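Novice: I am attaching a structure below and will ask some questions about it afterwards.
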Amino acid sequence: MVCDRTTPATNDYCLSHTLSRIVAPNIPSALIGSSDWNHIYQTVQSLPSQLTITKGFGFECPLQSSLPQADILLCIGEEGRGILAENNKINLLPETFQVHPIWQRVRNFCTQWANPSSPLFDKIDHIWLEFDVNPEPAPIPLPSVFFDFFEYSILPGGGYQWVSQTALKLLLGRVLSPEVEQCLFNCFESLPSGADVFTIGAMLARDSDVVRVCMGLAPAEIIPYLNRIGWQGDTDELEALVCELANVASSLVIDLDVCQRVLPKVGLECYVTTKTETEQLLDYLVNKGLCLPEKRDRILAYPGYIHQKQNPQQWPSYLKLQASFLKRGYLSTFAKRLNHIKVVYQPDQDLIAKAYLALWHHWLPYAKLDQQNKTQHAPHSA
């Protein structure tokens, strides 16, 4: 079944149904308001729920604005890859998507990714489709594409020509210029020992030649690394920010935009592992004027679980079928998590902070659910 913009959200094979019936009621309105949800529904109305339903969603929420708004990201794994691949016999995308040049490139990419003889097959774990959500969505929503690697797929010393000559060539529809490729490869070659490239992104929705590169480095390595790759910015100012964030986060990932040179903007993704660390990071952002107190409170209350028994009538049929035939004894569940918070630094501009909320789908054993229920309802001893 193909979803289109005339299909009502009551069709639970459409992604907008899952978002409106399962996801939206479980995200505080201070983070994503009803009008922005309507914009999100319109953006993804034509996409099938099977595309991402067994992986998850992400929402990019600005923390300084009082407006409750967000962009949406869809995580695509092996099953979604098969739906997008050109050789898929069941076309779940509207024909207008299939013939659009950008969606054709996404489909070409997924076709190669699914091919065991392609260099993409054993290098890429999953991809993200990110949609900029606007009050007036485009007739055909266009994604930017980020591909995430298996651990240490890119290391100094070469063997990463496939990134430019296969992956990015497929997504951009052209080869990178020698200058951009050289700058990108210099970023790889200059990585310190123990660093890892997590994600590379092609900003297709923004009609840009810029390549986004996201790398995990020890905080002490960030400034020396930026100096090695020719980053031009105030290293003293950025180093002070890195030190402050390193004190309130478990780890940092840096996001760089690469073209003929490394651009001045630097994203610092902050990851936390405990509630205490989350509180410390958010309190820091509030004190710096980078996060509104009410948004801090809503993010702290966000983590939790949504499972099929809580909403059996509205749960997507696709997942209920999987549970009946393939996952007996397991319950379809979404885990709500704060994935990370990103602080964006640009010379001579104010800092920007964004929260990335995730909903990861997994199969929860009934036995574990029963155990949780017994724990919650156990009598307390005096």
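Novice: Which of rounded, prolate, oblate describes segment 185-244, given a ≥ b ≥ c as roots of the alpha-carbon gyration tensor eigenvalues and a/c under 1.5 marking rounded, otherwise prolate only if a/b is larger than b/c?
Specialist: The shape class here is prolate.
Novice: Further, regarding this structure: Taking the Cα centre of segment 58-148 as origin and charging only Cβ (+1 Lys, Arg; -1 Asp, Glu), how large is the dipole, in debye to the nearest 20?
Specialist: 300
Novice: Which listed residue (Gln64, Gln112, Val163) has the Cα farthest towards the positive end of the charge dipole for the chain, taking +1 on Lys and Arg C-beta and -1 on Asp and Glu C-beta about the Cα centre?
Specialist: Result: Gln112.
Novice: Which listed residue (Val210, Ala220, Pro192) has the Cα farthest towards the positive end of the charge dipole for segment 160-232, taking +1 on Lys and Arg C-beta and -1 on Asp and Glu C-beta about the Cα centre?
Specialist: Val210
Novice: Right, here's the next one. Beyond a 18 Å Cα-Cα separation, which of these cross-linked pairs lie in this structure: Lys309/Lys336; Lys295/Lys336; Lys275/Lys295; Lys275/Lys368; Lys55/Lys354; Lys55/Lys275?
Specialist: Violating the 18 Å Cα-Cα cut-off are Lys275/Lys368; Lys55/Lys354; Lys55/Lys275.
Novice: Also, I was wondering about something else. Just Gly33, Gly329, Gly216 to compare: in a GNM of the chain, with alpha carbon springs under 10 Å, which one fluctuates most?
Specialist: Highest fluctuation of the listed residues: Gly329.
Novice: Another question about this same structure. Per residue of the chain, what 222 nm ellipticity follows from adding -39500 (n - 2.57) for every DSSP H run with n ≥ 4, rounded to the nearest 500?
Specialist: Calculated at 222 nm, the ellipticity per residue is -9000 deg cm²/dmol.
Novice: Which whole-Hz ³J(HN,Hα) couplings does segment 199-213 yield from phi under the Karplus relation 6.51 cos²θ - 1.76 cosθ + 1.60, θ = phi - 60°, glycine and proline marked x?
Specialist: Values per residue, Gly and Pro as x: 8, 10, x, 10, 7, 5, 5, 9, 6, 10, 7, 5, 9, 8, 10 Hz.
Novice: For the chain, with the dipole built from +1 on Lys and Arg beta-carbon atoms and -1 on Asp and Glu ones, taken about the Cα centre, which of His340, Ile306, Val248 lies farthest toward the positive end?
Specialist: With unit charges placed on the Cβ atoms, the residue in question is Ile306.
Novice: Enumerate the aspartates and glutamates that Lys123 could reach by cross-link, defined here as Cα to Cα under 15 Å, with residues fewer than 8 away along the same chain left out.
Specialist: Within reach: Glu78, Asp148, Glu151, Asp196.
Novice: Evaluate the charge dipole of the chain about its Cα centre and quote only its size in Debye, nearest 20, assuming +1 on the Cβ of each Lys and Arg and -1 on the Cβ of each Asp and Glu.
Specialist: Around 1580 debye, computed over the chain.
Novice: Modelled label-to-label distance, Lys320 and Asn247, 7 Å Cα→beta-carbon offset: nm?
Specialist: Label at Lys320, label at Asn247, 5.3 nm between them.
Novice: Starting from the alpha-carbon convex hull of the chain, give the projected area averaged over all orientations, in nm². If you can, show how the numbers build up before the last one.
Specialist: Working: hull surface 83.7 nm².
Orientation-averaged projected area of the Cα hull: 20.9 nm².
Novice: Going by Cα centres, segment 351-370 and segment 259-337 are how many Å apart?
Specialist: Measuring centre to centre over Cα atoms gives 5 Å.
Coordinate-derived values only; no laboratory data. From a predicted model like this one, the values you see are computed outputs, not experimental measurements. Glycine also receives a Cβ, built like all others from the backbone with ideal geometry; neighbour counts cover every protein chain displayed.
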